[in-house]
Structures are given as C-alpha cells and as structure tokens.
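**Q** Okay, handing you the structure first.
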Amino acid sequence: MQACPLRRSDDSELVLLCGELHEAAMFAERRLKAMPDYADTLEEAAAIEAILQPGEVIADRILCLHAVTSDGVEARLRAALWKQGEYIGTYLG
C-alpha cells in the first residue's frame with residue numbers, strides 16, 4: 001500500500017470510489033475466470049497482478065481518505081478487504 005496522509009472528506013468521494021472498486025471487482029472476476037492456462041507460473045502471476053491492479057489503485061485511494069459517516073467506513077472496510085485479497089470472495093462470491 002502506498003504511504004499517504006489521511007485527508008478529510010465528506011465521504012462523497014469515498015462512496016464514489018467504493019462503487020468504482022465494486023465495478024473493478026466484477027470486471028476482475030470475469031477476467032480471472034476467462035484467463036487461459038499458463039505453463040509458466042511467473043507469467044500467470046503477472047497476468048493476475050495486471051487484472052487486479054485497477055482495484056489496487058482504487059483501494060489505495062480509498063484508504064487515503066478519512067471516513068466521517070457509516071458509508072465512508074464501509075468503503076474503507078471494502079478497500080481493506082481488497083488489499084487482503086478477500087473482496088471478490090466476500091462481496092461477489
């Protein structure tokens with residue numbers, strides 16, 4: 001995770017980013033299911049990392065914001081789950 005200072009927000013940005021994270025998760029899930037079988041595990045790991053990268057960026061942005069409402073807290077929780085590798089299973093599985 002990138003180091004960043006926490007900044008205040010009215011949570012509208014957090015809620016918007018949370019929606020983007022969910023869309024990134026749905027897209028990543030589809031792409032992961034459609035991945036070909038790789039003979040090389042390094043190539044497969046690189047492909048998985050590329051698929052998950054947009055969600056990583058969004059989660060990092062969320063975690064740089066300070067939550068002031070329950071919706072903001074939920075967004076930060078979802079971002080933390082993404083960073084732990086549990087978002088897709090928790091919210092899509």
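The values are calculated or read from the model by the stated rules, or taken from the named source; none is laboratory data. Worth saying up front: this structure is predicted, and the values here are computed from it rather than measured. Virtual Cβ from ideal backbone geometry, glycine too; neighbours counted across all protein chains shown. Remember, those area values only see protein heavy atoms, side chains included, never the ligands or the DNA or RNA. Shrake-Rupley method; radii C 1.70, N 1.55, O 1.52, S 1.80 Å.
**Q** For Y38, Y87, what's the largest-to-smallest order of accessible area, 1.4 Å probe?
**A** Accessible-area ranking of Y38, Y87, largest first: Y38, Y87.
**Q** May I ask you to give the solvent-accessible area per residue for the chain, in square angstrom, as obtained with a 1.4 angstrom probe? If you can, show how the numbers build up before the last one.
**A** On the way: 5850 Å² over 93 residues.
Result: 63 Å² of accessible area for each residue.
**Q** Please list the equivalent ellipsoid semi-axes of the chain, computed as the square roots of five times the alpha-carbon gyration tensor eigenvalues, in descending order and whole angstrom.
**A** Over the Cα atoms of the chain, the ellipsoid semi-axes are 28, 14, 9 Å.
**Q** Let me ask another. Nearest 10 degrees is fine. How inclined is helix 41-63 to the longest principal axis of the chain, computing both from alpha carbons?
**A** 10
**Q** Counting only helical runs of four or more DSSP H residues, what would the 222 nm mean residue ellipticity of the chain come to if each run contributes -39,500 (n - 2.57) and the total is spread over all its residues?
**A** Details: 3 runs with 59 residues, N = 93.
The helix contribution divided over the chain gives -22000 deg cm²/dmol.
**Q** Just the number, please: carbon plus sulfur as a percent of the accessible area of the chain, 1.4 Å probe, no ligands or DNA/RNA counted.
**A** C and S atoms contribute 55 percent here.
**Q** So, counting K/R as plus one and D/E as minus one, what does the shell of residues with Cβ under 13 Å around Y91 add up to?
**A** -3
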